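See below for the structure under consideration.
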Amino acid sequence: MISISDLRFRYSEGGFALHVPELAVESGERVAIIGPSGSGKTTLLNLIAGICSPQSGRVVTNQVNLSGLADGARRDFRIRNIGLVFQEFELLEYLNVLDNILLPYRINASLDLTKKVRQRAVELAGMMGIGDKVSRNVRQLSQGEKQRVAVCRALLAEPPLLLADEPTGNLDPTNKDRVLDILVEYAESKGSTLVTVTHDHDLLSRFQRVIDFKQFYDLSSQVP
Ligand code: ADP
Ligand code: MG
């Protein structure tokens, strides 16, 4: 599902540089990524999703070489193949919960916003424990509730690849378990691949493999 080789990336500003010699994630695998803050975990997810492009090396996601695609094609690919749970949620503040969950269908003509999709959005909200808040503006939600909206949105289009950036970071223990149960059950039932950045060592047993980001960080040449 993901194959990275000799990837080198640096931001245009600041000295952060990332070098990933080799990283492969099989289809259907559940992988956790751990590592110190600032080590590039979010950056790596953005590279896998084609939100950032590397200066050199290859990123192949779901058999598509992202480096070979233009910006528009990369965005279309992402919408069809990847469910992203952003660390900062990236919700639209002027929309309510339901419309935020439905967002991928609203902004992409190739996804058809049917009655069934709406029903599924409401069902997902219920499973996440925010079913009573679907008409509420997202500004009136707690951080943990916003996080669950972001998870619902990522699952809605039933993507073959889920990239979740600290999806339980703002949750209490009960909701942590609930969100992870839903992510894992979703991945198992659809055969989807799940890559999750987490600081939560209690949750690592739910993954088949743990990648410690330190290995890439140490290899990366940081320029002050
Ligand atoms: P992590 O998710 O592991 O905490 P990030 O991938 O967010 O780390 O960031 C890795 C490094 O890149 C940090 O030093 C951060 O300050 C820097 N960084 C992140 N985004 C940008 C950006 N847009 N421009 C320049 N530097 C950035
Ligand atoms: Mg991060």
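The values are calculated or read from the model by the stated rules, or taken from the named source; none is laboratory data. On a predicted model such as this, the values are computed, not experimentally measured, just so you know. Note that we place each Cβ from the backbone using ideal geometry, even for glycine, and neighbour counts take in every protein chain shown.
Considering each residue of the range 140-159 in turn, at least one proves to be within 16 Å of ligand 2 (Cβ to nearest atom), more than 18 Å from Met127 (Cβ to Cβ), surrounded by fewer than 17 Cβ atoms within 10 Å (Cβ to Cβ) and not β-branched (Val, Ile, Thr).
When restricted to residues that are more than 8 Å from ligand 1 (Cβ to nearest atom) and either loosely packed, with under 13 Cβ neighbours inside 10 Å or within 16 Å of the chain's Cα centre (by Cα) (or both), the range 1-12 contains 3. If you go through the range 57-72 and pick out every residue that is in contact with a helix residue (DSSP H, G or I) (Cβ under 9 Å, 6 or more places away or on another chain), free of Cβ contacts under 8 Å to residues at least 60 places away in the same chain and surrounded by fewer than 21 Cβ atoms within 10 Å (Cβ to Cβ), you end up with 5. Of all the residues in the range 13-64, those that are in a loop (DSSP other than H, G, I, E, B), more than 15 Å from ligand 1 (Cβ to nearest atom) and under 16 Å from Gly83 (Cα atoms) number 5.
Does Thr198 satisfy the criteria of being closer than 21 Å to Leu47 by Cβ, among the polar types (S, T, N, Q) and away from ligand 2 (no atom under 16 Å from the Cβ)? It is false that Thr198 is closer than 21 Å to Leu47 by Cβ, among the polar types (S, T, N, Q) and away from ligand 2 (no atom under 16 Å from the Cβ).
Tell me yes or no: at least one residue of the range 33-56 is farther than 23 Å from Ser110 by Cβ, hydroxyl-bearing (Ser, Thr, Tyr), within 16 Å of ligand 2 (Cβ to nearest atom) and modelled with pLDDT under 95. Yes: one or more hits.
Regarding Glu88, is this residue among the acidic types (Asp, Glu), part of a loop (DSSP other than H, G, I, E, B) and out of contact with any Pro (no Cβ under 9 Å at 6 or more places or on another chain)?
In short, yes.
Residues of the range 107-149 that are of a type in the set (D, E, K, R) and part of a loop (DSSP other than H, G, I, E, B): Asp112, Arg136.
Considering only residues that are within 16 Å of ligand 2 (Cβ to nearest atom) and either in contact (Cβ under 8 Å) with a residue 40 or more places away in the chain or closer than 15 Å to Arg8 by Cα (or both), look in the range 73-91 and name the one that is surrounded by the fewest Cβ atoms within 10 Å (Cβ to Cβ). This residue is Glu90. Residues that are outside any loop (DSSP other than H, G, I, E, B), in contact with a strand residue (DSSP E or B) (Cβ under 7 Å, 6 or more places away or on another chain) and not charged (D, E, K, R) within the range 165-202 comprise Leu183, Val184, Ala187, Thr193, Leu194, Val195, Thr196, Val197, listed in sequence order.
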